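Laboratory data are not the source of any read-out in this text; all were calculated from the coordinates shown. Being a predicted model, the structure only gives us computed values, none of them experimental. As a convention, Cβ positions derive from the backbone with ideal geometry for all residues, glycine included, and neighbour counts pool all protein chains shown.
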Amino acid sequence: MTLFPDLITAVCGESIIGRAAEAGILSVNAHNIRDFSKDKHRRVDDTPYGGGMGMVMRPDPIVDCFRAIKAETEGMKRRVIYMSPQGALLTQKKAKEYLVYDNIVLLCGHYEGVDQRAIDAIVDEEISIGNYVLTGGELPACIFIDCVSRMLEGTLASPECYEEESISCGMLEYPQYTRPVEFEGARVPEVLQGGNHAEIAKWRYRAALEKTKRCRPDLL
């Protein structure tokens, strides 16, 4: 649910998530909250009670938009999430929890936020992508979609594609190399060229551990 559906469509229609959508593995539908405005100018915001800067998104078009979505997806196991800096931090572990739902509804706020009554009426939880503030919830929603969708069966070649990545495996991922063997004096480690998979696995584990200690010791 957004005021800028084209932004969602553009981001989620590309690359791996776009191909997964084409294959029918998932479906991303950007619902324009403005379509549910009863104002002749399609306004969806108004000045805040109590004063203050900016505008606040009205509750009525948001709730009406959600009701329309609910009617289209009746019987599905659903979770409604408001993308908000006030929410719990999105982590890889938390992202996996959403795989049990058939339908996830993401509410994207804008301006000074959303009327609290809309949140109280329809939202199950608030989720943040970090301790900073953006101009709207659309980019966080796209990040959420990407993070969760890539774990759906069939989106990637196999579960190993995301289970052995940085963060997912509990550490940062080991360094990756490809051709050429030598680039500006720097060579690909010999062990990776030898074909001994046991030795390669040992090297990768040690390299991942060293990289994690250096860059993200908090993960250890």
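Would you please name the residue that is nearest to the chain's Cα centre (by Cα), looking only at residues in region 64-83 that are among the charged types (D, E, K, R) and not in a strand (DSSP E or B)?
So the first thing to find is which residues in region 64-83 are among the charged types (D, E, K, R), and the list is 64, 67, 70, 72, 74, 77-79.
Filter once more, keeping what is not in a strand (DSSP E or B): 64, 67, 70, 72, 74, 77.
Values: Asp64: 24, Arg67: 23, Lys70: 21, Glu72: 23, Glu74: 24, Lys77: 19 Å.
That would be Lys77.
Are there any pairs, at least 6 apart or on different chains, whose C-beta atoms fall under 7 Å, with the first in region 142-159 and without any contact (Cβ under 8 Å) to a residue 60 or more places away in the chain and the second part of a loop (DSSP other than H, G, I, E, B), and if so, which?
Here the result reads Ile143/Ile129; Cys147/Leu90, each pair linking region 142-159 to a residue that is part of a loop (DSSP other than H, G, I, E, B).
Of everything in region 30-59, what is exposed (fewer than 15 other Cβ atoms within 10 Å of the Cβ), under 22 Å from Glu72 (Cα atoms) and not basic (Lys, Arg)? Give them in sequence order.
Matches in region 30-59: Asp35 only.
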